[in-house]
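To keep things clear, I will list the structure first and then write my remarks on it.
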Amino acid sequence: MLVVCGGRETERQYLQGLRDHVRNPAVSVIVKPKVGSPAQLVAYAGKLRAQNRDGYDEVWCVFDVDEFTDIADAAVAARRLGIEVAVSNPCFELWLLLHFADHTAFVGAYKKLLPLLEKHVPGYDKSRLDFAPYRETYEAAAERARKLEATGRDHGRNPSTSVWRLTEGIVRR
């Protein structure tokens, strides 16, 4: 499994922490060095897949809605390329928050979500994510995320995250 993350550190560190926790060496997490738009990320993932067609049975892109305007285009391109997407609206920190609590109210941006997450993870630093606080609650986060958006494909809904689809794929492999 190849996972390409739009974030510089947070998503990669979380997913590597999960992979190590479930002891799954079949999952490779690759981070694009320059964060681009979701459509650019999908194109990059498609290029990586083409370079190693037999190397990955699944390819995923993880990105936030944030201020990007090409989410729908990225989702269409991903579908065309056979790439799965794990999208968080507004940002990945929603997924992290769901490890500790339900959250159903609209959240405008990362800065609005951060204080909510810090109630559960004091001193949260998105550049140095420690997986330990999330280790025992990723299944609860998936359940809460499915309550927000059961299909994991309606990326316009705020708040929502389809990271649960990816984490379940990592755990079940």
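The values are calculated or read from the model by the stated rules, or taken from the named source; none is laboratory data. Quantities reported herein were computed from a predicted structural model and do not represent experimental measurements. Neighbour counts are summed over all protein chains in view; Cβ atoms, including those assigned to glycine, are modelled from backbone coordinates with ideal geometry. Please note that ligands, DNA and RNA were not included when accessible areas were found on the heavy atoms of the full protein model with its side chains. Shrake-Rupley method; radii C 1.70, N 1.55, O 1.52, S 1.80 Å.
The table that follows gives values for the structure above.
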{"read-out": "Selected from G108, G123, G156 as most flexible by GNM, with the chain as the system and alpha-carbon contacts under 10 Å", "value": "G123"}
{"read-out": "Prolate/oblate/rounded label for the stretch 104-173 (Cα gyration tensor, a/c 1.5)", "value": "oblate"}
{"read-out": "Rg over Rh [alpha-carbon atoms, Kirkwood Rh] for the stretch 3-143", "value": "0.96"}
{"read-out": "DSSP-defined beta bridges in the chain - what % are antiparallel, rounded to 5", "value": "15 percent"}
{"read-out": "Length-normalised contact order of the chain in % [C-alpha pairs under 8 Å, at least 6 apart]", "value": "27 percent"}
{"read-out": "In nm, spacing of pseudo-spin labels at S28 and Y110 (7 Å Cα→C-beta vector)", "value": "2.7 nm"}
{"read-out": "The chain, helix-only ellipticity at 222 nm - DSSP H runs n ≥ 4, -39,500 (n - 2.57), divided by all residues, nearest 500", "value": "-12500 deg cm²/dmol"}
{"read-out": "Accessible-area composition of the stretch 5-119, carbon plus sulfur, in percent [1.4 Å probe]", "value": "51 percent"}
